[in-house]
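The values are calculated or read from the model by the stated rules, or taken from the named source; none is laboratory data. Fair warning: this is a prediction, and the values are worked out from it, not measured in the lab. Here the Cβ positions follow ideal geometry from the backbone for every residue, glycine too, while neighbour counts run over all protein chains shown. These area figures cover heavy atoms from the full protein model, side chains too; ligands, DNA and RNA do not enter into them. Shrake-Rupley method; radii C 1.70, N 1.55, O 1.52, S 1.80 Å.
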Amino acid sequence: MKLNWGLIGGGEGSQIGPAHRLGARVDGLYEFVAGALDADPARGSAYAQNLGVAPDRAYGDWREMLDGERGRPDRIDLVTVATPNATHYQIAKAFVEAGIAVLCEKPMTMTVEEAEDLARTVERTKIPFAVNYGYSGYPLVRHMRAMAARGDLGKVRLVKAEFAHGFHADAADADNPRVRWRYDPAQIGASAQFADCGIHALQMASYVLGQHPLQLSADFISGVSSRTLEDDAFVNFRMEGGATLRLWTSSIAVGRMHGLNLQVFGEKGGLRWAQEWPNQLYWTPVGGRTEIIERGAPNLSPEADRASRVTIGHAEGMPLAFANIYADLAETIRAGKEGRAPKREASQYPTVEDGLRSMAAIAAAVESAKRGGAWVDARPPMRR
């Protein structure tokens with residue numbers, strides 16, 4: 001039987017909504033049964049019905065949806081929160097406290113304090129909670145994680161992570177509403193580019209290494225001078241397991257498209273992967289030749305095999321990476337319903353801990369940048 005799924009935000013014209021709807025439904029694990037898709041109640045309800053949601057479950061807002069779903073015998077098993085950043089905490093916490101599993105878009109909250117409260121709520125309720133660092137769903141990212149965990153690289157010394165694009169480089173476009181909100185502290189918080197894109201690169205590095213940030217030193221600039229918040233950042237990290245991470249993120253890097261890539265350098269070899277070319281992972285053992293590891297090839301890790309969905313040589317895409325996170329959550333939710341432990345390979349999704357660590361890193365980077373790059377503690381207060 002399919003799990004019941006609901007979506008908040010991600011309405012008509014949304015950039016992220018279609019990826020979630022495809023990701024949730026591609027495996028036939030969920031039925032899209034409820035939604036509050038738009039800040040305009042009538043428009044959101046109409047669009048949900050156009051997508052096949054029954055009129056009585058095409059809600060005007062998230063509070064109406066929570067009240068409507070909470071008492072139903074067929075209530076939703078999972079809700080995805082794809083609303084503006086400032087609303088994530090309130091919505092996610094309300095659904096967790098109602099006993100409904102949550103997949104929350106990033107950043108998880110606006111402040112470290114909110115993130116710690118949400119982490120404590122999840123720890124207390126034991127409700128499955130994921131943060132949509134969707135790129136961790138790519139098969140070869142999961143294979144990198146498996147290689148690092150089983151010691152193929154030896155001790156990891158250095159990591160270089162980037163998420164740089166040039167789509168906000170035109171100063172004449174600074175007042176475009178689709179751009180302006182990303183640099184508005186009231187809507188996005190204390191950080192712009194690092195909070196929007198940089199934490200994807202940070203989470204991917206932490207995910208692959210199995211190490212969280214310990215300390216950081218940050219340099220922020222606003223290349224477009226009218227912006228209050230940064231559009232370019234360089235951040236150095238000392239990780240808890242001893243690795244050093246160099247991270248660059250930018251929205252003014254003209255000529256760069258998506259620009260998410262990761263390089264990992266260990267005692268025994270190095271890895272590099274780019275999201276724009278996700279089918280290939282480059283592995284170079286010390287003293288050896290570079291090998292191209294193809295997604296879908298034989299003899300990869302179980303984690304990579306489970307996440308591969310199309311035959312070797314064909315392109316994979318972001319919605320399929322999202323689908324892997326939805327599949328992980330489906331297995332976790334079903335295991336809870338059946339009173340058993342979930343399959344080990346399904347424990348790959350980013351959790352509330354990833355969201356908490358990201359918010360702590362954002363706050364620390366903002367502080368460091370204001371202090372001229374001073375080294376500051378990057379851990380959440382509750383984890384020190």
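Both numbers refer to the Cα atoms of the range 323-384; Rg and Dmax are 17.1, 53 Å.
Convex hull volume per residue, computed on the Cα atoms of the chain, equals 143 Å³. Placing Trp375, Trp181, Trp273 in order of accessible area, with the largest value first and a 1.4 Å probe, yields Trp375, Trp181, Trp273. Full extension of the chain between Arg344 and Leu51 gives 102.1 nm of extra length, using 0.36 nm per residue less the Cα-Cα distance. At a probe radius of 1.4 angstrom, the accessible area of the range 125-207 per residue rounds to 35 square angstrom. The portion of the accessible surface of the chain made up by carbon and sulfur, rounded to a whole percent, is 51 (1.4 Å probe; DNA, RNA and ligands excluded).
Past 26 Å, Cα to Cα, is the threshold; run Lys160/Lys370; Lys268/Lys370; Lys126/Lys160; Lys160/Lys343; Lys268/Lys343 against it and keep the listed order. Lys268/Lys370; Lys126/Lys160; Lys160/Lys343; Lys268/Lys343, as the Cα separations exceed 26 Å there.
Shown for the chain are the DSSP H helices of 18 Å or more along their axis, judged by Cα atoms, with a mean Kyte-Doolittle hydropathy of at least -0.5: 318-338, 352-370.
Here, the range 144-185 has an Rg and a Dmax of 19.0, 50 Å when only alpha carbons are counted.
Where only DSSP H runs of four or more residues are counted, the chain gives -10000 deg cm²/dmol as its mean residue ellipticity at 222 nm, each run worth -39500 (n - 2.57). The length gained on full extension between Arg180 and Val254, counted as 0.36 nm times the residue separation minus their Cα-Cα distance, comes to 24.8 nm.
Let me spell out the model: positive unit charges on the Cβ of Lys and Arg, negative unit charges on the Cβ of Asp and Glu, origin at the Cα centre of the chain. What dipole size does that give, in debye rounded to 20?
1100 debye
Site pair Glu123 and Ser225 shows an inter-label distance of 4.7 nm when each label is modelled 7 Å from Cα along Cα→Cβ. Rounded to whole Å, the principal axis extents of the Cα atoms in the range 82-198 read 49, 40, 23, largest first.
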